[in-house]
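See below for the structure under consideration.
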Amino acid sequence: MNIFLYNLEFLGIIICLFLGFYAIVRDRRSIQRRLFFIICILLALANLTAILGYTAPSRECIFFWSQSGSCLVNSFYAVNLHFYLNLLRKKPPPWVIPLLYVPALVIIVAFALDPLSVLDYTFLAGEWKMIPNYGSRWFYAAAGYVVLYTLFAVVAIAAFGIGAESNKEKLQAKLLMANLILSTLIGIFGLWVIPFFDYRIPNIGAAYHLAYAVGLFFSVFYLKFLDLKPSIVAEEIIANIGDMVVLLGPDLKVLSANAAFQETLGYSRGGLKGRHVRDIIDEQDDIAADIDLLKKGPARKLQRPLRYRINRKKEREYISTDSYVSKVTDRFADVIGFLMISRVNAGRKQFQVIHRITDRELEIVDLTLEGLSSTDIGARLGISARTVQSHQEHVYQKLGVTGKVELVRVAHRFNL
């Protein structure tokens, strides 16, 4: 076997396995990634059977590896079409999916019963050469199956591209179409057409699958990795901003919120994640409609007053804020999320309501902010220094702070 193609086959095996495992490890629950993983495994094994077949020591061995390769390659085209149908995000009826695999099963059985009905082999220049059986109807059935499933996949990609709203998905459709058509043409000409004129050319085997797997990975998964995900650095910056900051996905569900946002609304750490923006605002403040207009229009941000709902089980309380929303775009100029920053229109009453501070505790907070000691505060209010310290500890617990320095930071937000 040509040493270059031999090494290319091995490279194809390694890369297919790497891409398949890389995609599935990132999200094992995704059907799309599972199908891509299966595609990569089938292509890697197809490359392996090609290597073993072309270097087989006998005619019986080449038939065995050829039959094994038939199972893999024909299964590949069925899984590949399943992958593209799933790309449309329209779940087909349950009976459709099994039907996708019936033609592959028929071709596999026919090839297993009589390999010569599809292919023949001759030993030349130290390797087995594949010669299609152009006089057999099973050869044309197998070839027709490949062409037909490729055309179905092309139609699925075209439908995906036509229905795409974002620039990224339109680019994906173009890349998928080019990758599928190019790799299919290379396979058809290299395996079926050229041998008709001269079967002595070097075997290309399944090496062309390498380019297909790489192209498929880049078109679908690499571009999807650019979706909005808050990085560690971004979350650290947001966490230390005094204003209320929340990052929304394109579906207006919370991806990330800083400590000020969660504490002000009475949520525990991570308690806001996944909630829709409508769940945390006053019903009369239809911010979702305004964000939809922002997404479709040329403006980069909007500014407006907004009332947030405090997370209490029995009471329905709100805080008023001055807020602005800015859209976040990727390098394709597609909107992939929204950054919402709010500043509380705060005052003494808001401070008491949000953090459930009693009148006595508010008095102690005021005097603490003036810089008085526990003894001085006790003398001013006619209570003991120990009682003052007990009130201060209760206030710190309610605010989620550890001392006077952090108390000053929280009090500043409420203009105390």
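The values are calculated or read from the model by the stated rules, or taken from the named source; none is laboratory data. The shown structure was predicted, so the numbers you read here are calculated from the model rather than taken from an experiment. Counting neighbours? That spans all protein chains shown, and the Cβs are built from the backbone with ideal geometry, glycine included.
Below are the figures for this structure:
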item	result
Any hit, the range 109-128, residues being within 39 Å of the chain's Cα centre (by Cα), within 20 Å of residue 68 (Cβ to Cβ) and surrounded by fewer than 16 Cβ atoms within 10 Å (Cβ to Cβ)	yes
Candidate set from the range 359-416 (those that are crowded, with 16+ Cβ neighbours inside 10 Å and at pLDDT below 85); member that is nearest to residue 267 (Cα to Cα)	410
Tally of residues being crowded, with 19+ Cβ neighbours inside 10 Å and either of a type in the set (Lys, Arg) or over 19 Å from residue 145 (Cβ atoms) (or both) across the range 87-104	1
Candidate set: the range 173-217, residues that are within 18 Å of residue 44 (Cα to Cα) and at pLDDT below 60; chosen: the one surrounded by the most Cβ atoms within 10 Å (Cβ to Cβ)	206
Filter result (surrounded by fewer than 21 Cβ atoms within 10 Å (Cβ to Cβ) and either over 21 Å from residue 145 (Cβ atoms) or basic (Lys, Arg) (or both)) within the range 52-86	52, 55, 56, 57, 58, 59, 60, 61, 64
In the range 122-140, the residues that are part of a helix (DSSP H, G or I) and touching a Ser or Thr at 6+ places or on another chain (Cβ under 9 Å)	137, 138, 139
Filtered residues of the range 242-272 (kept if part of a loop (DSSP other than H, G, I, E, B) and touching a Leu at 6+ places or on another chain (Cβ under 7 Å))	249
Restricting the range 338-354 to residues that are in contact with an Asp or Glu (Cβ under 9 Å, 6 or more places away or on another chain) and buried (at least 20 other Cβ atoms within 10 Å of the Cβ), the residue that is farthest from residue 310 (Cα to Cα)	341
Tabulated pairs, the range 138-157, first surrounded by 20 or more Cβ atoms within 10 Å (Cβ to Cβ), second modelled with pLDDT of 85 or more and of a type in the set (S, T, N, Q), C-beta under 7 angstrom, 6+ apart or interchain	153/80
Any hit, the range 293-306, residues being crowded, with 18+ Cβ neighbours inside 10 Å, under 26 Å from the mean Cα position of the chain (by Cα) and farther than 20 Å from residue 401 by Cα	yes
Long-range neighbours under 6 Å by Cβ, at least six apart or interchain, first residue under 23 Å from residue 158 (Cα atoms) and not assigned by TED's automatic domain parsing to the domain that holds residue 144 within the range 77-106, second in a helix (DSSP H, G or I) and not aromatic (Phe, Trp, Tyr)	none
Whichever residue in the range 160-172 is of a type in the set (A, V, I, L, M, F, W, C) and surrounded by fewer than 19 Cβ atoms within 10 Å (Cβ to Cβ) and, among such residues, is farthest from residue 88 (Cα to Cα)	171
Any pair with Cβ under 7 angstrom, 6 or more apart, that starts in the range 262-280 at a residue that is without any contact (Cβ under 8 Å) to a residue 12 or more places away in the chain and ends at one that is crowded, with 18+ Cβ neighbours inside 10 Å and part of a helix (DSSP H, G or I)	269/262
